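Q: Here it is, the structure, as structure tokens.
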């Protein structure tokens with residue numbers, strides 16, 4: 001007589017799919033919130049803000065794929081995808097911590113945050129470029145709530161998403 005339950009693989013697969021789906025939904029809401037701050041409320045993102053979006057742009061669709069793979073029974077591929085999702089959001093959390101540290105003056109930001117990438121391509125276009133380019137520094141938070149900037153909240157959210165993905169990868 002065996003003590004293993006026939007529903008154990010199903011529950012592990014269900015946890016894998018549920019965690020992947022949770023990461024996708026929460027991640028989509030987080031990046032959606034950032035886009036609302038930008039396009040509705042007029043907060044222009046700095047270069048570090050834009051870098052912090054990449055884990056969401058890559059991680060949300062990958063988490064959806066992991067959920068679909070898990071639901072379809074392809075747990076090996078789902079696990080691999082969810083591992084990548086966990087790593088992506090861990091990197092995103094690191095970027096958020098780095099950006100928050102730049103905002104608090106703990107360390108300098110990259111040169112691109114000073115507008116180095118906004119240089120005009122011709123001398124004739126210099127004045128037009130200066131009128132149309134808004135350089136957003138990375139070292140000043142545009143918005144804070146309860147002492148945390150958007151970068152700080154992103155660090156917490158991305159770390160949480162990585163933790164959910166790791167939780168979904170647990171066996172048994």
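Q: Take region 30-46 and flag every residue that is surrounded by 12 or more Cβ atoms within 10 Å (Cβ to Cβ) and not in a helix (DSSP H, G or I).
A: Across region 30-46, the qualifying residues are 43, 45, 46.
Q: Now a separate question. Within region 52-61, identify whether any single residue is in contact (Cβ under 8 Å) with a residue 12 or more places away in the chain, surrounded by 17 or more Cβ atoms within 10 Å (Cβ to Cβ) and farther than 21 Å from residue 99 by Cα, and answer yes or no.
A: Taking every residue of region 52-61 in turn, at least one turns out to be in contact (Cβ under 8 Å) with a residue 12 or more places away in the chain, surrounded by 17 or more Cβ atoms within 10 Å (Cβ to Cβ) and farther than 21 Å from residue 99 by Cα.
Q: Determine whether residue 162 is surrounded by 12 or more Cβ atoms within 10 Å (Cβ to Cβ), at negative phi and at pLDDT below 85.
A: Working: surrounded by 12 or more Cβ atoms within 10 Å (Cβ to Cβ): yes; at negative phi: yes; at pLDDT below 85: no.
So residue 162 does not fit the description; no.
Q: Might you let me know whether region 92-104 holds any residue that is over 14 Å from the mean Cα position of the chain (by Cα), outside any helix (DSSP H, G or I) and farther than 14 Å from residue 158 by Cα?
A: Yes, that holds for at least one residue.
Q: If you scan region 63-89, which residues turn out to be surrounded by 18 or more Cβ atoms within 10 Å (Cβ to Cβ) and within 15 Å of the chain's Cα centre (by Cα)?
A: 63, 64, 82, 85, 86, 88, 89
Q: Being in contact (Cβ under 8 Å) with a residue 12 or more places away in the chain, at negative phi and assigned to a helix (DSSP H, G or I): is that true of residue 22 here?
A: Against the criterion (in contact (Cβ under 8 Å) with a residue 12 or more places away in the chain, at negative phi and assigned to a helix (DSSP H, G or I)), residue 22 qualifies.
The values are calculated or read from the model by the stated rules, or taken from the named source; none is laboratory data. Only a predicted model underlies this, so the values are computations on that prediction, with no experimental measurement involved. All Cβ positions, even for glycine, are placed from backbone atoms using ideal geometry, and neighbour counts span all protein chains on display.
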